[in-house]
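Read the structure below first, then the notes.
The values are calculated or read from the model by the stated rules, or taken from the named source; none is laboratory data. Here the structure is a predicted model, which is why all the values come from computation and not from measurement. A quick note on method: Cβ atoms are made from the backbone with ideal geometry, for glycine too, and the neighbour counts reach across all protein chains shown. Surface accessibility is based on the protein's heavy atoms, side chains included, excluding ligands, DNA and RNA. Shrake-Rupley method; radii C 1.70, N 1.55, O 1.52, S 1.80 Å.
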Protein chains: 2
Amino acid sequence: MHRQTITTSTNQYDVFVGKDILGNLKDYLPKPYRNIMIITDSVVNELYTEKVVANLPNDAKVSVSVVPTGEASKSMENYYQLLTEAIDYQLDRKSLIIALGGGMIGDLAGFVAATYMRGIDFIQVPTTILAHDSSVGGKVAINHPEGKNLIGSFYPPQAVLYDIDTLNSLPAKEKRSGYAEVVKHGFISNFAYLEDIWKVDLTQEIDSHVLTDHLQKGISVKAKIVEQDEKESNIRKFLNFGHTLGHAIESELGYGQITHGEAVGIGMLFAIKVSEQRLNSTLPYDTLYNWLSKNHYPLNLPAISTKKLVERMKIDKKSENAIVQMVLLQEIGVPVTEDIPDYDLTNLLENFMRELDS
Amino acid sequence: MHRQTITTSTNQYDVFVGKDILGNLKDYLPKPYRNIMIITDSVVNELYTEKVVANLPNDAKVSVSVVPTGEASKSMENYYQLLTEAIDYQLDRKSLIIALGGGMIGDLAGFVAATYMRGIDFIQVPTTILAHDSSVGGKVAINHPEGKNLIGSFYPPQAVLYDIDTLNSLPAKEKRSGYAEVVKHGFISNFAYLEDIWKVDLTQEIDSHVLTDHLQKGISVKAKIVEQDEKESNIRKFLNFGHTLGHAIESELGYGQITHGEAVGIGMLFAIKVSEQRLNSTLPYDTLYNWLSKNHYPLNLPAISTKKLVERMKIDKKSENAIVQMVLLQEIGVPVTEDIPDYDLTNLLENFMRELDS
């Protein structure tokens, strides 16, 4: 059992990573709650809701709301529906929302908690590798058709309860999606961690000690950054390495057509290319490409207009005054941000897409 | 010109109250902004948007979004529409939203600002008496059909710019609505302030010095409370004097059928009756009743079911574990909170409604 305390501007919360947390859930609640709403998705619901409900305090009223699996559920419609259900369940300001699922559920349920009666407690119970990233840092959001996570808040949870046992049964594309963020945490922190990650074969079962170690390290990288810059004024932006193009691809293809991490995989390749060309960095492009390829990440996109991708990048939250800002690497562990004028960005992207296709 | 600085957990901001602020708007902006979105309502738009736009910095891009006047505009539909317009206007994290209007606009535009890209700056430019209350304290929200302000955040503005010249032309019912909160601030603070308020005749034009004085005092009462308890854990609840029944009446009649302050006027009468009966307080019920009546506050409600009102009060944000909590007065200036069991509440309300009707 690994425990890490995260300090935010408004609270402190613990992240627990380990085995059989779900089976002992009530022991991990930071305070008593009388009315609890579980928000989960249709797949996770089948797997874990029963176990979670069975291990919550007996004297709590527990209600369950289920949304369809997939990023498309982070919609305004579901957000509103869940708020309505929270009212129906008579949740009050002392009640708790449990986000049981991957990053999509954490974002959606977290935004419901952040805005229901101006904010009630919520706890993240992640069930994907990807959620090692999204469950820490207090960002919650839903999507707008014009862009991912455009509507949201900074709203930290009261705890993150990460049961490693839930990760064994993940489908291959979910493993890929999650490991892309592990790779990102490697790129922006240190060489040794990254070297260790290249050894993982996602097509096989991952040893639980290796997995726990990788996740702890990733959480630690992220925690260190968000503790220094919760509201993303400066260094938190580094966590967006690979995400500028990644988000644009996701929203251009339509959420659900490609996983978040798969899109970030391509985004990281692009960020490396741009780093090499604009900062003269020497970076392991081929190593990343081969690792992604070997692990069956999609690297051939359907015909997709660079013009539209650039437009998407311009309305990304990270852009200011409509100039795209990318996170680049001077070297592994040394991220920087750089504004890329539209004209250069278009050229860089066209060359990259051509190279990727060939 | 009166200036008051409010300290919150996340920032400090100034509240300016005085004459001809709109004509010098750019001097009051706390920092430069390149992209500004004005959110206003259809009535205020006709009166002031042109003046506001003319007095913003020349180098800023300014866009205007207008929603219909009235509480019904604090809807999920308008919220989403405004977010979409913010995207269309290319607002980024360094942009500004100006809430130009009454409390409805402050709440709606503030919630858009709070959740657009996880929060951008906004400035309150109130144009009603009522907004002396709502523009201070950082509460923003939209309504749910099941209850007022059920969806929202705590999100302080960067400034409140209160131009007293905008208050002269308010329609009578808006004056009534605003002065109910002034009266509330009197009841929960001190006798002298309240005695002073009884002298006002809302059917006549109010002297601008008297008005400025009453508003400053009201803002000061509120500011002192919210600085001590921003998130409404304890004493901030006192500001809900008259609001438990007030909110229930508003939502039961449908927003827009009765103004907020008119509903709070009835709510204060009820809170006084309950205070007298449960705390043995001696309070000026008749003075308030006569003042409300003389100023044409509606005191005869259409047939309205007490059962439904009690249900509404139970889903109010202030209730916990489905027991209604009311703010009562031990004496003027000494508010307390008290849980009222359903059975007692129903009886008290039935008696009160009967007395009001007779």
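Structure summary
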quantity: Probe 1.4 Å, accessible area per residue of the range B:172-357, Å²; calculated: 40
quantity: Accessible surface buried once B binds A (1.4 Å probe; total of both sides; Å²); calculated: 3700
quantity: log₁₀ of I(q)/I(0) at q = 0.08, 0.12 Å⁻¹ - the protein assembly as shown, Debye sum with one point per alpha carbon; calculated: -0.66, -1.28
quantity: Rel. contact order, % - alpha carbon contacts under 8 angstrom, at least six apart, chain A; calculated: 15
quantity: Out-of-range pairs (alpha-carbon distance over 30 Å; input A:217/A:308; A:308/B:74; A:26/A:222); calculated: A:217/A:308; A:308/B:74
quantity: Helical contribution to [θ] at 222 nm, DSSP H n ≥ 4, -39,500 (n - 2.57), averaged over the protein assembly as shown, rounded to 500; calculated: -13000 deg cm²/dmol
quantity: Cα convex hull volume per residue for the range A:172-357 (Å³); calculated: 109
quantity: Qualifying chymotrypsin sites (Phe, Trp or Tyr not before Pro) for the range B:49-94 [loop in DSSP, other Cβ within 10 Å: at most 10]; calculated: none
quantity: Antiparallel content of DSSP bridges confined to the protein assembly as shown, in %, to 5; calculated: 45
quantity: Heavy-atom accessible surface of chain A: percent carbon and sulfur, 1.4 Å; calculated: 47
quantity: Overall Cα dimensions of chain B, principal axis frame, Å, largest first; calculated: 61, 41, 36
quantity: Beta bridges by DSSP in chain B, antiparallel share as percent, to the nearest 5; calculated: 45
quantity: Cα-centre dipole for the protein assembly as shown with unit charges at Cβ (Lys and Arg positive, Asp and Glu negative), debye to 20; calculated: 500
quantity: Those residues of the range A:106-120 for which accessible area with every protein chain present is at least 30 Å² below the isolated value (1.4 Å probe); calculated: A:115, A:117, A:118
quantity: Copies compared at residue A:228 - label distances in nm, ascending, label defined 7 Å from Cα in the Cβ direction; calculated: 4.0
quantity: Interface residues, the range A:66-98 - accessible area loss of 40 Å² or more versus chain alone, probe 1.4 Å; calculated: A:76, A:80, A:87, A:90, A:92, A:93, A:94
quantity: Label spacing, shortest first and in nm, from residue B:337 to its equivalents in the remaining copies (7 angstrom along Cα→Cβ); calculated: 3.9
quantity: Given charges at Cβ of Lys, Arg, Asp, Glu: chain A dipole, positive-most of A:141, A:112, A:69; calculated: A:112
quantity: Heavy-atom accessible area per residue - the range A:43-171, 1.4 Å, Å²; calculated: 28
quantity: Rg/Rh for the range A:1-124, where both radii come from Cα atoms and Rh is the Kirkwood radius; calculated: 0.94
quantity: B:209, B:296, ranked by accessible area, largest first (probe 1.4 Å); calculated: B:209, B:296
quantity: Across the identical copies, how the residue A:300 labels are spaced - nm, sorted shortest first, 7 Å along Cα→Cβ; calculated: 8.0
